[in-house]
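A short worksheet on the structure shown next.
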Amino acid sequence: MRRAGAILTLFLVSGPVAGCGAHSPAAAPGHHHESPAPVVPAAPAATPTAGFNTTDTAWLQLMIPMDERTLPLLDLGAERGHDPAVRRLAARIRKAHLAELERLTETLGRTGLPATNVHEGHDMPGMVTAADLAVLRKATGPALDRLFADRLREHLDQSAAVARSEQTAGADEGTRTLAAAVERTRAAQSDLLDGIR
């Protein structure tokens, strides 16, 4: 998923809500398509507290909705996964995401920026969409597990990629450290996902 770094770059260049694009639901199990991302006019951005640059704030403002939108996917996996290993993995990753969201939200609070979701209504790579969830809710058995794993894989890959971008271009040491922790967590979660596929 190499687009993640480019997405974060576009987000930084064009403003907090640029680069958000339509993200199509899976047309069939195992197939996930993305539409070209239409550019949304940039909204005026508040100035973050000294020490944070636009990469720091862009990463936080992207990671929070990415994680939040993954929680319903993890709920589905934990409650309805066909394989008990899928249910255990979903529950484990959900718990980790909730803890991660607390750290991301606290860090965004340190920037002095509002907690407004600048990606509200926009589907970006790595974000679980309402259409994705609708497809998953209709699936059962091994097909559900495959769809769950595909969507989770996309989220893990994309969020790891943007975490690497933050470590490269971010200014705030605490935010870069958090991004490094996210990247390590994603690697571990990806290994666990590999173990059930």
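The values are calculated or read from the model by the stated rules, or taken from the named source; none is laboratory data. As the structure is a prediction and not an experimental result, all values here were calculated from the model. Here the Cβ is made from the backbone with ideal geometry for all residues, glycine too, and neighbour counts use every protein chain on show. Keep in mind that these areas ignore ligands, DNA and RNA; they rest on the heavy atoms of the full protein, side chains included. Shrake-Rupley method; radii C 1.70, N 1.55, O 1.52, S 1.80 Å.
Scanning the range 81-94 for any residue that is modelled with pLDDT under 95, assigned to a loop (DSSP other than H, G, I, E, B) and open to solvent by 60 Å² or more (accessible area, probe 1.4 Å) turns up nothing.
The residue that is farthest from Gly51 (Cα to Cα), among those in the range 64-116 that are β-branched (Val, Ile, Thr) and in contact with a helix residue (DSSP H, G or I) (Cβ under 7 Å, 6 or more places away or on another chain), is Val86. Among the conditions (1) open to solvent by 10 Å² or more (accessible area, probe 1.4 Å); (2) among the basic types (Lys, Arg); (3) under 19 Å from Thr55 (Cβ atoms), Arg137 misses just one, which is (3).
Does the range 119-132 hold any residues that are in a helix (DSSP H, G or I) and either crowded, with 17+ Cβ neighbours inside 10 Å or more than 18 Å from the chain's Cα centre (by Cα) (or both), and which are they?
Taking the range 119-132 first, the residues in a helix (DSSP H, G or I) are 130-132.
Selection gives Asp132 alone.
Considering Arg151, Arg146, Arg184, the condition of being closer than 13 Å to Gly77 by Cβ, surrounded by fewer than 18 Cβ atoms within 10 Å (Cβ to Cβ) and not hydroxyl-bearing (Ser, Thr, Tyr) is satisfied by Arg146 alone.
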